[in-house]
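Below is one structure, written out as structure tokens; the observations come after it.
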Amino acid sequence: MSRTSLRAFLLSFVLLGVVAACAPAPTPVPTVAPPTAAPIATRAPTATTAPTATSVPTATSVPTAMPALKLKVVATTTQVTALTKVVGGDYIDLVGILGAGVDPHEYEPTPSDVRAFAGAQLIVENGVGLEKWLDKVIQNSGTKAPIIDSSKGVNIRKGDEEEPQGDPHIWHSAVNAIIMLNNIRDGLAQADPAHADTFKANAAAYEKKLNDLDKYITDQIASIPVANRKFVSNHDAFGYYLERYKLTFVGSVIPSMDTSFEPSAKELADLVDAIKAQGVKAIFSESSVNPALSKQIAQDAGVKVVDGALYGDTLGPPGSGADTLDGMLKINTDLIVSNLK
């Protein structure tokens, strides 16, 4: 080899070494880790899957304990509904069938009433045949719930042709209302023994209120001059009140304990004569009875009519002051006294 060729060969070898030294090292092939067995929900969040502020559980999303189930109670009239509410308080789920202003003598049950009875665990009735519709509704509903007869132990007045079981208007005496109250107390305590002490305490507090009211009514009626203590109403619903508080019953526009009874012309004429003869000062019309006949009788007899003011077969609406039994009795008493003095 000539000297020139040898120089060229050596130069080429040097250049090849330089190129090899400058070339990048080969990149290693990444390995893939096998999937873990842990479920997705338990994985630690990554930067791309971190929960936002709205996805973090708050206090309101924490499950709370289920509230205790309340005793499902169905009461018939406004009077027994009010007494049941006093005794049961927050421990019962109460449905009252009749509303304020609804006449129990002429009430026609609805499909919703049947459904209410079907779901009842306890039923409270006035008794003495006032709820003539009750047996049929119970049969149609298929309910097996026990029934509290609030009239048990009351000294029942003699009835009439329309009310053969006796006078059902037992709540117009505060003494009778206490008996009703305690019948309801005992029924609730038996159905829900866990809250029996509360039911007894509630009833005892209301019994004291009714005893105080009984004295109030007695004192107020005693303030009416004896000659003026004569009473005429729409229908014969106040017998227990008159007996307890010493008023004389002259008659009623509807001469029956049932408002569905229709008086004859002679019966109306006889009432006009009795009002004149006995010097009655006023006729008291009731909130749940049409006052037209009362107004006519008052005009014929020459006396005033206290229009639609007394609560006879029903309590008053919420806010009236007569939506409780004690409130109703006090309002009736104040009205009677102010119009007969």
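Overview of values
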item: Residue-normalised accessible area of the range 217-341, given per residue in Å² at a 1.4 Å probe; result: 40
item: For the range 274-331 versus the range 177-194, the gap between their alpha-carbon centres in whole angstrom; result: 32
item: Amide N of the range 189-213 lying under 15 Å from the label point, which is placed 7 angstrom from the Cα of LYS152 along Cα→Cβ; result: 189-192
item: Cα-based shape type of the range 240-341, given that a ≥ b ≥ c are square roots of the gyration tensor eigenvalues and the cut on a/c is 1.5; result: prolate
item: In Å², nearest 10: area of HIS195 left accessible to a 1.4 Å probe; result: 50
item: Under Karplus coefficients 6.51, -1.76 and 1.60, residue-wise ³J(HN,Hα) of the range 92-100 in Hz, glycine/proline x; result: 10, 9, 9, 10, x, 6, 8, x, 4
item: Difference of contour (0.36 nm per residue) and Cα-Cα distance, GLN190 to ASP135; result: 17.5 nm
item: Per-bin percent of Cα-Cα distances, the range 64-215 [5 Å]; result: 2, 10, 19, 22, 20, 15, 9, 3, 1, 0, 0, 0
item: Dipole magnitude (debye, nearest 20) for the range 297-341, charges at Cβ of Lys, Arg, Asp, Glu; result: 180
item: Probe 1.4 Å - accessible area at ASP93, Å² to nearest ten; result: 70
item: Straight-distance crosslink candidates among lysines, where the alpha carbon sits under 16 Å from LYS266 and sequence neighbours closer than 8 are dropped; result: LYS276
item: ³J(HN,Hα), Karplus 6.51/-1.76/1.60, whole Hz, each residue of the range 158-169, x for Gly, Pro; result: 4, x, 9, 4, 7, 10, x, 6, x, 6, x, 7
item: Additional length obtainable on full extension of the chain from ALA222 to LYS144, 0.36 nm per residue less Cα span; result: 23.3 nm
item: Fully extended contour minus Cα-Cα distance, from LYS341 to GLU106, at 0.36 nm per residue; result: 81.2 nm
item: Kirkwood Rh in Å, taken over the range 149-210 so that all alpha-carbon pairs contribute; result: 12.6
item: Unsatisfied cross-links (Cα-Cα over 18 Å) in the set LYS85/LYS209; LYS208/LYS246; LYS230/LYS304; LYS158/LYS330; LYS85/LYS144; result: LYS208/LYS246; LYS158/LYS330; LYS85/LYS144
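The values are calculated or read from the model by the stated rules, or taken from the named source; none is laboratory data. Only a predicted model underlies this, so the values are computations on that prediction, with no experimental measurement involved. Cβ sites come from the backbone with ideal geometry, for glycine too, and all protein chains shown count toward neighbours. Surface areas here come from the heavy atoms of the whole protein model, side chains and all, with no ligands, DNA or RNA. Shrake-Rupley method; radii C 1.70, N 1.55, O 1.52, S 1.80 Å.
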